[in-house]
C-alpha cells in the first residue's frame, strides 16, 4: 500500500535550529484515498524567536500566536495520528512525503521531533520525497520557459492555479494541482536536449 503524506508548514523564521513552526497542515492518503486532512496551529516554546519578517509573510500576529495551543501539546496529538496510520516497528510501513521545496519543511518537522525528545522520525517517514519544486526545475530547463523566480505562487500564477499564498493547507492544495500540471507538461517536452542519445 502506498501511503502519502502531503504537508506544508508556516514558521517563525527560516532556521529550524532556532525558529519553530506556527502552522502545520497535512493530508494523509492510502493509494490515493484520503484518510485525513488537518491543520494545526501551535505556540512556539520560545516566542522571542518569532521573527517580524516571518509574521509579515504569514500574516499571523503575535496576539494570535499567544492563543495557539503550546507546541508540545500539538506534538502529542500529531504523534498519536502518526501511530494511527503507521506501524512504527515495520521497516516497510512508512509515509512518502509530498511537498514544494519539501526539504525546508522536512527540516522543521525533524526539529520538532527533536525538540520534543522523539528520536524516531524515521519510524514514520521513509527517505523518498516527491518534491514538486524539482519538477519545476526540470520543466523550466526542458521547456526553455523563463519565470522571474521559482516560488510556488509564481509557478501557480503561470499555470492559472489559484493560491492563497502562505496558508499551509492552501499551499498543499495548489502543490498537488501543480504536480498534475507539471506531469502533463513534461510529457510534451523534448528530452533530446539532455543528449541521452549521444
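Of the residues making up region 83-126, those that are farther than 19 Å from residue 22 by Cα, without any contact (Cβ under 8 Å) to a residue 60 or more places away in the chain and touching a strand residue (DSSP E or B) at 6+ places or on another chain (Cβ under 9 Å) are 84, 92, 124, 126. Take the conditions under 22 Å from residue 115 (Cα atoms) and either surrounded by fewer than 19 Cβ atoms within 10 Å (Cβ to Cβ) or in contact with a strand residue (DSSP E or B) (Cβ under 6 Å, 6 or more places away or on another chain) (or both) and apply them to residue 12. Does it pass? Taking the combined requirement at face value, the residue satisfies it.
Conditions tested, residue by residue: (1) closer than 16 Å to residue 175 by Cβ; (2) modelled with pLDDT of 95 or more; (3) part of a strand (DSSP E or B).
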{"site": "9", "(1), (2), (3)": "yes, yes, yes"}
{"site": "17", "(1), (2), (3)": "no, yes, no"}
{"site": "35", "(1), (2), (3)": "no, yes, yes"}
{"site": "40", "(1), (2), (3)": "no, yes, yes"}
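Filtering 26, 30, 41 for residues that are within 19 Å of residue 152 (Cβ to Cβ), surrounded by 12 or more Cβ atoms within 10 Å (Cβ to Cβ) and within 18 Å of the chain's Cα centre (by Cα) leaves a single hit, 26.
The values are calculated or read from the model by the stated rules, or taken from the named source; none is laboratory data. Remember, it's a predicted structure, so these values are computed and weren't measured experimentally. Quick reminder, even Gly has a Cβ in these numbers, built from the backbone with ideal geometry, and neighbours come from all protein chains shown.
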